[in-house]
1. Please report how far the C-alpha centroid of segment 172-208 lies from that of segment 376-408, rounded to the nearest whole angstrom.
2. Does segment 228-324 classify as rounded, prolate or oblate by the C-alpha gyration tensor (a ≥ b ≥ c root eigenvalues; a/c under 1.5 gives rounded; else a/b over b/c gives prolate, otherwise oblate)?
3. Where the centroid of each part is defined by its Cα atoms, how far is segment 90-116 from segment 251-279 in Å?
4. Any idea what the relative contact order of the chain is, in percent, if you count C-alpha pairs under 8 Å spaced at least 6 apart?
5. Treat each spin label as a single point 7 Å out from the Cα along the C-beta direction, and report the residue 471 to residue 252 distance in nm.
6. Using alpha-carbon positions, what is the distance between the centroids of segment 431-449 and segment 332-352, in Å?
7. Taking neighbour counts of Cβ atoms within 10 Å as a proxy for exposure, in what order, fewest first, do 399, 292, 173, 184 appear?
8. Rounded, prolate or oblate: pick one for the chain, where a ≥ b ≥ c are the square roots of the eigenvalues of its C-alpha gyration tensor, a/c under 1.5 means rounded, and failing that, prolate if a/b is larger than b/c, else oblate.
């Protein structure tokens with residue numbers, strides 16, 4: 001049909017806005033008191049939480065961090081550092097990891113308490129003198145603040161109750177549950193395999209990968225490191241791992257343990273020892289992860305500044321013993337030795353307790369600046385992830401000047417902005433003829449070359465103090 005008149009057609013803006021990757025989004029694998037949550041369904045699923053109430057609602061909360069490891073990270077992130085969001089993956093399955101128990105409890109003032117934790121409320125059966133009681137008719141059962149079941153009776157003349165229930169068995173969770181895998185029959189992933197599910201489900205790129213308590217096992221740490229280096233084939237993240245403080249119970253033993261167990265990745269932050277505040281005991285990996293997040297947040301969500309020499313909410317250093325935990329001391333020279341072995345720690349020297357250490361696990365064997373410094377490595381990961389996110393919509397577009405110029409203009413403007421913010425010392429992207437031979441262009445391959453220089457941490461400030469005798473000449477000058 002013939003057209004008659006004046007029209008306007010819109011085309012996409014030639015200069016695209018970069019899609020920024022989440023630089024420090026932690027993905028934490030472990031166990032949660034799922035019986036205290038609103039639903040029992042959050043098992044082997046990425047759960048995003050921005051606050052402590054969100055975490056408790058989705059996964060429950062317990063102060064028993066030894067058995068419920070995700071609660072440690074929730075406390076550190078939301079209570080101690082006040083940062084978020086955090087992605088949690090709970091591997092404790094109430095359908096599999098449970099035992100059946102029965103006991104008798106006393107009733108006083110029409111109230112009885114089952115002091116056992118981890119009870120699955122729907123499994124609870126209550127009887128009195130062989131008469132089974134009915135929920136909401138004879139009694140009401142609920143959890144108290146300690147995760148124990150309180151039974152409020154609606155009938156009289158009851159002094160004892162016989163109770164049966166299913167109880168979670170978090171102690172049955174092994175390193176293999178954290179590592180997980182892919183079930184061909186069900187098509188479902190578990191454990192660390194779910195790292196690949198975070199972006200498709202949440203549209204957020206993982207920045208940090210943790211498994212407090214479990215990452216001290218070399219097999220778990222090895223899988224964490226491997227998975228973090230290739231997420232969804234394209235993205236990359238930093239793994240934070242803990243040294244086993246029961247085996248390496250003094251600073252002189254840490255380096256040997258680290259090397260023997262291959263905690264030497266450039267995308268790996270090796271943490272030692274444990275930290276404590278009051279009765280709470282944290283794995284240093286969870287505190288360093290939160291410190292990385294908080295430092296990035298304080299810098300406009302840019303990850304270029306080191307977490308080292310930044311405050312930590314702690315009052316002591318600890319190592320694990322057969323009977324519990326033992327407090328240790330660490331002097332600055334001892335901490336420096338650990339740092340030079342590629343180990344991150346904490347010291348109490350000037351300004352209270354602080355994170356201490358800039359090197360990844362790859363140091364000192366690998367001295368490449370992009371691999372040895374924690375903030376440089378994290379920034380490098382973030383830049384790479386952002387480049388992928390921003391250029392993805394150009395995939396399968398026609399190769400030509402328009403595509404070339406759009407990528408060059410968009411990315412160079414973004415990189416120039418990062419220089420202005422102090423995130424980068426300098427950066428540029430180029431389209432080079434030698435990188436793009438005709439044979440590759442004919443095959444649909446186009447290459448852009450990025451040059452970047454992140455700021456390195458000023459970890460050694462050398463102040464030279466000299467006595468200058470010339471100042472005595474002032475004595476001979478009359479006022």
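A short reminder: the numbers here are calculations on the coordinates, not readings from a lab. No experiment lies behind these values; they were computed from the predicted model shown. FYI the Cβ positions are ideal-geometry reconstructions off the backbone, even for glycines, and counts take in every protein chain you see.
1. Spelled out, the Cα-based centre of one part sits 27 Å from the other.
2. oblate
3. Cα centroid of segment 90-116 versus Cα centroid of segment 251-279: 37 Å apart.
4. 14
5. 4.3
6. 47
7. 184, 399, 173, 292
8. Because a/c hits 1.5 or more and a/b fails to exceed b/c, the chain counts as oblate.
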